[in-house]
Structures are given as structure tokens and as C-alpha cells.
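Participant: Below you'll find the structure I mean.
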Amino acid sequence: MKVVFLDGEHLTSERVLEVAEGRAQVRISSSVEKKVKQSRDFIEKALDRGEKIYGVTTGFGLLSDQIIDHSQIEALQRNLIRSHSVGVGPYFDEVTTRAIMLLRANVIAMGYSGVRMEVLKCLVDMINKGVHPLVPEQGSVGASGDLAPLAHLASVLMGGR
Amino acid sequence: MGVIAARKGRDIARNVEHILAMELLCATQGLEFLLPLQPGIGTKEAYHVVREKVPPIKGDRRFSEDIKNVQSLIGSGELLNRVGKVVGGLK
């Protein structure tokens, strides 16, 4: 089968459609791992230094002045995904869901997200193996219109817990 | 035109059901915060109808299913019927 390489820089709408429709497999380019690891290390080191990082050691939005204790930063991330899994209505079809997954993988591959490499690999594995989360079509508004759909996507990545 | 209007109307009704479901989830939880204060008999019945389908919120969880469950209570008329029986009919 055709292979689409993901490097976070050269994805085109034609390639997205090929992957979404199941006509191509996805592979992560060799240049990606370094970028992704660097951005992850950045976060880890800042954490080790005890720095304040929005959304990592603080609450979100109006609660951004709330400092989150180190013992609770993992729970913060899990709860963020859970509390945003509030979508309603019919689920996206498989092709659309695959496109959503690929676009998210592409963003992570840019290396600006602080996401672990294994999360990116898992997401790409899901695409290649046909694991498609049920993502409700409605539930987000405004500029952050992808929060709810992506939370449903991520909740499968973390094992539905 | 009639079909398009009907479909649009159906979508709007479903959207409103979802919004009411979220409000009802919050209100149900709110009643528990107000204990030992008790609501009226109609409100109390609505509370029980919701709690039969949705457990109290003790921490973050995926609320999508909760919203869906309450929406179907509203959309099916079950909530209205149960409350109606207790208060002697709703019009």
C-alpha cells in the first residue's frame, strides 16, 4: 500500500484524503523524533526546575492562577481530557475521523506540543490499524472548536479511562 | 421547502434537548449541594428520574454519555410523564 510520510511540514490535502479513505498507510519521518523529543525535554526540564507552565502546573482558562501541585499534574491532564469529553449528536464517519486523527498527528509531529513520542506513535498506529474513536460531531464552540472532539479522540489514546 | 424546514426544526429541537440535558445535570447536582434542603415534589421526581440514569459527579469523567442519557429522558417524554404523574399533569 502507498505510504504517506509525516514530518509536520509537508502534508497536503491530497495526502490527507488518501490516508482518510484508507488508501495509504502513515509513517513518521525520521526527522520527527528529534523535534518531538526536544519539545518534550523542554517541558520536563522546566518542570524539574519547578517553573510555572500554563496548563501543566496551572489550571486552565479562568483557573490559570491556580497552581497545581506536582503530585497532581498527571491527574490534571487526565481530568482535562475527561471534562472536555462532552460532545453530543451523531458521530463523525470513519473517513472524517481518520482525517482528524491524521491532522492531530501532523500537528504533534511539528514538535511544538510537548507530547511524548510514544503518544504520537500510538496515534499513528491507531490510524494504520483502523482503530477509530467515536467522536461526536457537536459540542465545541468558538475559537477552541476542536477541544471536545479532540478530547474524545484522546480519551481512547489513554485507554478510555 | 417544507421538508427542509422540518429537518431544520428537528435539528433545533434536538439541540435544545441537549442544552436542557446539560442544565438538568447541573441542577440535579446542585440539589445535592443544597441538602438537607428539599425541593418541591415535582422537582424531586425530576431529580430521581435523572439519578436513575446518571450517578452523582464525584470527579471528572466523560460526560458525553451522561448528556446523552438525560437527553433521551427529555426527548422520549419520560421525564415529563413521570413529573406529570406526581404533580397531577403538566400541560
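The values are calculated or read from the model by the stated rules, or taken from the named source; none is laboratory data. This structure is a prediction, so every number in the text was calculated from the model and none was measured. All Cβ positions, glycine included, derive from the backbone under ideal geometry; neighbour counts span all protein chains shown. Heads up: the accessible areas ignore ligands, DNA and RNA and are worked out on the full protein's heavy atoms, side chains in. Shrake-Rupley method; radii C 1.70, N 1.55, O 1.52, S 1.80 Å.
Participant: Anyone know which of A:GLY89, A:GLY139, A:GLY111 comes out most mobile in the 10 Å Cα GNM of chain A?
Facilitator: Of A:GLY89, A:GLY139, A:GLY111, the Gaussian network model singles out A:GLY89 as fluctuating most.
Participant: Could you rank B:TYR47, A:TYR112 by how accessible they are, 1.4 Å probe, largest area first?
Facilitator: A:TYR112, B:TYR47
Participant: Under a cut-off of 15 Å between alpha-carbon atoms, report the aspartates and glutamates in cross-link reach of A:LYS37, not counting same-chain residues fewer than 8 places apart.
Facilitator: The reachable aspartates and glutamates, counting only those whose Cα sits under 15 Å from A:LYS37, are A:ASP7, A:GLU118.
Participant: Additional query: Taking springs between alpha-carbon atoms closer than 10 angstrom, which of A:LEU63, A:LEU76, A:LEU120 fluctuates most in the Gaussian network model of chain A?
Facilitator: A:LEU63
Participant: Let me check I've understood the local charge: for B:ARG51, count other residues with C-beta under 13 angstrom from its C-beta, Lys and Arg +1, Asp and Glu -1. What total comes out?
Facilitator: -1
Participant: Please tell me the relative contact order of chain B in percent, rounded to the nearest whole number, where contacts are Cα pairs under 8 Å and at least six residues apart.
Facilitator: 35 percent
Participant: Okay, moving on. With everything on Cα atoms, drop me the angle between helix B:64-75 and the longest principal axis of chain B, reported from 0 to 90° to the nearest 10.
Facilitator: 70 degrees
Participant: For helix A:73-84, report the angle its Cα long axis makes with the longest principal axis of the Cα atoms of chain A; keep it between 0 and 90° and round to the nearest 10°.
Facilitator: 50 degrees
Participant: On a 0 to 90 degree scale, rounded to 10, what angle separates helix A:117-129 from the longest Cα axis of chain A?
Facilitator: Tilt of helix A:117-129: around 30 degrees.
Participant: Now, a different point. Nearest 500 deg cm²/dmol is fine: what mean residue ellipticity at 222 nm does chain A get from its DSSP H runs of n ≥ 4 alone, each adding -39,500 (n - 2.57), divided by its residue count?
Facilitator: Helix contribution divided over all residues of chain A: -15000 deg cm²/dmol.
Participant: Still on this structure, I have one more. Sum up the lysine pairs in chain B that clear both bars: alpha-carbon distance under 27 Å and a spacing of 8 or more or different chains.
Facilitator: Here the count comes out as 13.
Participant: Next question. Please compute the contact order of chain A in relative form: average sequence separation of alpha-carbon pairs under 8 Å and at least six residues apart, divided by the residue count, as a percent.
Facilitator: Result for chain A is 30 percent.
Participant: Give the carbon-plus-sulfur fraction of the accessible surface of the range B:17-91 in %, rounded to a whole number; probe 1.4 Å, heavy atoms of protein chains only.
Facilitator: Carbon-and-sulfur percentage of accessible area, whole number: 63.
Participant: Another question about this same structure. Kirkwood Rh over alpha-carbon pairs of the protein assembly as shown, then Stokes-Einstein at 37 °C and 0.692 mPa s: what D in µm² s⁻¹, rounded to an integer?
Facilitator: Rounded, D is 156 µm²/s.
Participant: Something else about it: So what is the calculated 222 nm ellipticity per residue for chain B, using -39500 (n - 2.57) for each DSSP H run with n of 4 or more, over all residues, to the nearest 500 deg cm²/dmol?
Facilitator: -24500 deg cm²/dmol
Participant: Let me ask another. Starting from the amide H of B:ASP60, placed 1.01 Å from N in the peptide plane, find each other amide H under 5 Å away whose residue is 5 or more places distant or on another chain.
Facilitator: HN-HN under 5 Å from B:ASP60: empty list.
Participant: What distance in nm separates the simple spin-label points at B:ASN15 and A:GLU74, each placed 7 Å from Cα in the Cβ direction?
Facilitator: It works out to 4.2 nm between the two label points.
Participant: Can you tell which of B:LEU25, B:LEU80, B:LEU35 shows the greatest fluctuation in a Gaussian network model of chain B with Cα springs below 10 Å?
Facilitator: B:LEU35
Participant: Apply the Debye scattering formula to the range A:104-161, with a single equal point scatterer on each alpha-carbon and no solvent, then give log10 I(q)/I(0) at q = 0.15, 0.26, 0.29 Å⁻¹.
Facilitator: For the range A:104-161, the Cα-only Debye profile gives -0.47, -1.19, -1.27.
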